[in-house]
Amino acid sequence: MIAKDLQSAVEALGEMIASASTIVPFTGAGISTECGIPDFRSPGGLWTRNRPIPFDEFVASREARDESWRRRFAMEATFAAAKPGRGHRALAALYRAGKIPAIITQNIDNLHQASGFASDHVIELHGNTTYARCIGCGRAYDLPWVKQRFDAGGAPDCIDCDEPIKTATISFGQAMPENEMLRAAELSQHCDLFIAIGSSLVVWPAAGFPMMAKRCGAKLVIINREPTDQDEMADLVIPFDIGETLGPFVGN
Ligand code: NAD
């Protein structure tokens, strides 16, 4: 069913939330656009401006690593200024109320943690861009350290093993994090309401989780202002703004 207007959408969603005992949200870049972070696929989104740098290119080419870090530092003011929006705060309220055991996210912006989710309850399928890791030994680095090295001599390598340092994100062509994939599958299979929020649902394998939840018996809600390929299987599709839709659930 596609909601006809915002008010009936909020009412229908409210009823589904009230009667669910375990809710699993699955979020994409659309939940963070009201926080000033552009998504990938909306008009003017990051995709239209910068072709993503695949993992093998990052590993093979110093130029690609320099370009990747230049882009990251160009976004730093945006990421640093972003605060959780209404969508993040509504989900945090449902988490505090005990309705949401953990959240699955494709986002890399750390805003679910900033809204009050314990880090262990944020399943980051595509990693996190607010810090960096060595792609060889996994050693973590903070961004100010990387920036200092970058300014002095370009993309830095690990001080332990000499392998390249990269934001702690999963690039195209990079293996998905195994433990996160297992936990996301477990959550999707054991909830009675699954809410996909602000994702075009075209990035796989992440886009498989709404389908998995539905097949395992959960009700599926999709909140996204553009249609997705999975709308047909959803119990409720809300084609409206995420902040407007989830704002009423923020609480006090
Ligand atoms: P996407 O860009 O493919 O899709 C975002 C969807 O959200 C679009 O369909 C758009 O119509 C919708 N949307 C945007 N703002 C909205 C709003 N206010 N209300 C309702 N709908 C809105 O994003 P994706 O599916 O998450 O895939 C992109 C990949 O890029 C992700 O895997 C993620 O790792 C990464 N990414 C993350 C961020 C972030 O962390 N904030 C930002 C850009 C890209």
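The spacing between the stretch 136-211 and the stretch 74-132, judged by their C-alpha centroids, is 14 Å. Taking other C-beta atoms within 10 Å as the exposure proxy, 141, 131 rank 131, 141 from fewest upward.
Give the shape of the stretch 110-252 as rounded, prolate or oblate, defined through the alpha-carbon gyration tensor: a ≥ b ≥ c are the square roots of its eigenvalues, a/c under 1.5 means rounded, and otherwise the shape is prolate if a/b is larger than b/c and oblate if not. Judged from the Cα gyration tensor, the stretch 110-252 comes out prolate (a/c at least 1.5, a/b above b/c). The alpha-carbon atoms of the chain define a convex hull whose volume equals 120 cubic angstrom per residue. Cα axis of helix 86-96 to longest principal axis of the chain: angle in degrees, 0 to 90, nearest 10? Computed tilt is about 70 degrees. Taking a sphere under 12 Å around the Cβ of residue 221 and counting the other residues whose Cβ falls inside, with K and R at +1 and D and E at -1, yields a net charge of -2. Farthest toward the dipole's positive end in the stretch 1-156, which of 111, 18, 145, given Cβ charges of +1 (Lys, Arg) and -1 (Asp, Glu) about the Cα centre? Positive-end residue among those listed: 145. Backbone N atoms of the stretch 174-213 closer than 20 Å to the 7 Å Cα→Cβ label point of residue 226 belong to residues 196-211.
Please say if the stretch 67-139 is rounded, prolate or oblate, where rounded means a/c under 1.5 for a ≥ b ≥ c the square roots of the C-alpha gyration tensor eigenvalues, and otherwise the choice is prolate for a/b larger than b/c and oblate otherwise?
Values: a/c = 3.18, a/b = 1.61, b/c = 1.98.
Oblate shape, in that a/c is at least 1.5 and b/c is the bigger or equal ratio.
What is the angle, in °, between the Cα long axis of helix 6-19 and the longest principal axis of the Cα atoms in the chain? Nearest 10 is fine, range 0 to 90. Between helix and principal axis, roughly 90 degrees.
Counting Lys +1, Arg +1, Asp -1, Glu -1, what net charge surrounds residue 180 among other residues with beta carbon under 12 Å of its beta carbon?
Values: positive: 183; negative: 120, 124, 178, 186.
Within the 12 Å Cβ shell, the charges total -3.
Along its first, second and third principal axes, ordered by size, the stretch 142-193 spans 52, 21, 20 Å in Cα coordinates. For the stretch 1-138, the square roots of the Cα gyration tensor eigenvalues, ordered a ≥ b ≥ c, give a/c of at least 1.5 with a/b greater than b/c, which places it in the prolate category.
Magnitude of the charge dipole for the stretch 1-79, about its Cα centre and with charges confined to Cβ atoms of Lys, Arg (+1) and Asp, Glu (-1), is about 320 debye.
With +1 on each Lys and Arg Cβ and -1 on each Asp and Glu Cβ, how big is the dipole of the chain about its Cα centre, in debye rounded to the nearest 20?
Numbers: 24 positive and 31 negative charges, 68 e Å.
So the dipole magnitude of the chain works out to roughly 320 debye.
Every number in this text was worked out from the coordinates using simple rules, so none of it is lab data. Not measured: the values here are computed from a predicted model. Reconstructed Cβ throughout: ideal geometry from the backbone, glycine too, with neighbour counts over all protein chains shown.
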